[in-house]
Amino acid sequence: MRSASWRSWTGRTTWWATLAYTEFLLTTAAPAGLGTVFAAIAPCMGLYAWLGAALDASAAGPYAQWVQTYADPNIEISATRLERLLDEQAKAQSATTFHAEPAQSRPHHKYSQIT
């Protein structure tokens with residue numbers, strides 16, 4: 001959808017960016033689990049929701065339709081929901097990763113087990 005919308009708004013194609021992002025999700029995030037997929041998507045979704053709310057579509061020139069699309073309150077609701085799901089996944093992962101062994105047997109560097 002994003003590539004088709006961008007092309008209709010600007011007359012340009014971004015198939016290469018869409019392909020790169022999709023390849024990233026398929027090769028890196030998807031095999032690693034749901035939490036990694038959420039982490040891969042959340043920053044972009046949150047940024048787009050913020051930009052949609054912060055920018056003035058009437059002053060956005062050729063990007064006005066893009067701004068209007070991401071100004072939809074449902075985008076912010078979805079971004080917030082995704083961040084909540086990411087937090088839940090992080091808590092679940094943290095509980096299984098960091099509490100499975102006694103503290104004294106874990107490495108001293110607190111980030112050594114985060115991947």
Which value in nm describes the separation of the simple spin-label points at residue 19 and residue 47, placed 7 Å from the Cα toward the beta carbon?
2.2 nm
Rounding to the nearest 20 debye, state how big the charge dipole of the range 33-95 is about its Cα centre with +1 on each Lys and Arg Cβ and -1 on each Asp and Glu Cβ.
140 debye
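Taken together, the values in this text are just the output of simple stated rules run on the coordinates, not laboratory data. This one's a predicted model, so the numbers in the text were calculated from it and none came from an experiment. Positions of Cβ are generated from backbone atoms using ideal geometry, with glycine treated the same way; all protein chains shown enter the neighbour counts.
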